[in-house]
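For reference, the structure discussed in these notes is given below.
Read the figures in this text as sums done on the coordinates, not as results from a lab. Since the structure is predicted, the reported quantities are computational estimates derived from the model, not experimental observations. Because the Cβ atoms are built from the backbone with ideal geometry, glycine has one as well, and the counts that use them run over all protein chains shown.
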Amino acid sequence: MIPIAYSAEVAAARETNAPIVALESTIITHGMPYPQNVQTAELVESDVRAAGSTPATIAVLDGTLHIGLEPEQLLQLGQANDVAKLSRADMAACIAQGGNGATTVAATMIAAHMAGIKVFATGGIGGVHKGAENSFDISADLQELAQTPVTVVAAGAKAILDLPKTFEVLETLGVPVIAFGQDTLPAFWSRTSEIPAPLRMDTAADVAQAQLMRAAMGVSGGQLICNPIPANDEISVEVLSPIISQALTEAEVQGISAKDVTPFLLGRIFELTKGRSLDANIALVRNNARLAAEISIKMQK
Ligand code: PSU
């Protein structure tokens, strides 16, 4: 038996077959500092509700897989320091051992699928890290998109990554990469990149239809919706490039590796931009949550 608990609002939504949007928790524990992490998680949840869907923030607490957190659980998670960062490899072990863990994109997709949730909003997926030809550091998020049928709404992959290689791998894995409303892929904190979008869609209904068709055809896996950050909130590539390079050099010098790389880089970029990267990150997650809510409603029709 899997120890699984639904929040009151998610349980109610499941009973009436109402739309639900999954939300991850690694962004809360490893992606943003306290208290902005908790404030953002609350805002994102209210954005989903305001758009007519139900938020389900996913995390493992004391060995129970939670699909939807009550407000006090969210606060507890946002203040905790000893929470594991869970992916496909270690989520089951964490549950079996009664541990606490925040779910990455990969783990959240698995949990969402188990709970019958088809849409999930996050900030940016993990991908191929710069220098991966030596480190082999490639996020398990990419493999998950290839096998688990959940539509993930993100502002692309995080711009600390090697974006061209990340999208090459997604192509190899057969993951539909869909730019929402534009012809180029967004680059997380910036609206555009030089990478042409493999697919473009302009409405939530089209995105929902594409996933339903994939399922009907028996083609495994999800799809990645790359939703550009709102224009007023973006940070240009010119401003960010030298900052990302500096953070990457520092990570190398300090020997940061594996699961610690992404949180270290996000933290340093936050410091080097004097908080601007966090404001942009918050804006893009909220924007993704609103689109995911719309897609979840179309998916349910
Ligand atoms: N989006 C954000 N901030 C984050 C993440 C996503 O705006 O911190 C998290 C997601 O949980 C994603 C993880 O799965 O970063 C990627 O980590 P890694 O590069 O170690 O695979």
Exercise. Tell me which lysines have Cα within less than 23 Å of residue 274's Cα, excluding those fewer than 8 residues away on the same chain?
Worked result: 158
Seminar exercise, completed: For the range 244-250, in residue order, the Karplus 3J(HN,Hα) values (coefficients 6.51, -1.76, 1.60; θ = phi - 60°; whole Hz; Gly and Pro = x) are 4, 4, 4, 4, 5, 4, 4
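What number, rounded to the nearest 500 deg cm²/dmol, is the helix-based mean residue ellipticity at 222 nm of the chain, given -39500 (n - 2.57) per DSSP H run of at least four residues and division by all its residues?
Numbers: 12 runs with 137 residues, N = 301.
Result for the chain, helices only: -14000 deg cm²/dmol.
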Seminar exercise, completed: A correct Karplus calculation of ³J(HN,Hα) over the range 4-20, with 6.51 cos²θ - 1.76 cosθ + 1.60, θ = phi - 60°, whole Hz and x for Gly and Pro, returns 10, 10, 9, 5, 4, 6, 6, 4, 5, 5, 5, 5, 9, 6, 7, x, 9
Exercise. Between rounded, prolate and oblate, where does the range 201-287 land on the alpha carbon gyration tensor, with a ≥ b ≥ c its root eigenvalues, rounded for a/c under 1.5, else prolate if a/b exceeds b/c?
Worked result: oblate
For this session: Could you list which residues have their amide H under 5 Å from that of residue 21, counting only those 5 or more apart in sequence or on another chain, with H placed in the peptide plane?
Result: 54, 56
For this session: Calculate one ³J(HN,Hα) per residue across the range 158-169 by plugging θ = phi - 60° into the Karplus curve 6.51 cos²θ - 1.76 cosθ + 1.60, and present them in order as whole Hz with x for glycine and proline.
Result: 4, 6, 6, 8, 7, 5, x, 5, 4, 6, 4, 5
For this session: With an 8 Å cut-off on Cα pairs and a minimum separation of 6 or more residues, tell me the relative contact order of the chain in percent.
Result: 20 percent
For this session: Under a cut-off of 21 Å between alpha-carbon atoms, report the lysines in cross-link reach of residue 118, not counting same-chain residues fewer than 8 places apart.
Result: 298, 301
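Looking at the range 225-286, which trypsin sites (Lys or Arg not before Pro) are in a loop (DSSP not H, G, I, E or B) and have at most 13 other Cβ atoms within 10 Å?
Counting only loop positions with at most 13 other Cβ atoms within 10 Å, the trypsin sites (Lys or Arg not before Pro) in the range 225-286 are 274.
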For this session: Would you grab the residues whose amide H sits under 5 Å from the one on residue 65? Only those 5+ places off in sequence or on another chain, please, with H modelled 1.01 Å from N.
Result: 4, 5
Problem set entry | Rounded, prolate or oblate (a/c below 1.5 giving rounded, otherwise prolate when a/b exceeds b/c) for the range 1-120 by Cα gyration tensor | oblate
Exercise. Among 236, 25, 193, whose mean-square fluctuation peaks in a Gaussian network model of the chain (Cα, cutoff 10 Å)?
Worked result: 236
Seminar exercise, completed: Out of 63, 181, 156, a Gaussian network model of the chain with alpha-carbon springs under 10 Å gives the largest mean-square fluctuation to 181
Problem set entry | Sequence-distant residues sharing a close amide H with residue 153 (under 5 Å, placed H) | 120, 121, 122, 225
Problem set entry | 15 Å Cα-Cα reach of residue 85 towards aspartates and glutamates, excluding residues that sit fewer than 8 places from it in its own chain | 24, 62, 141, 260
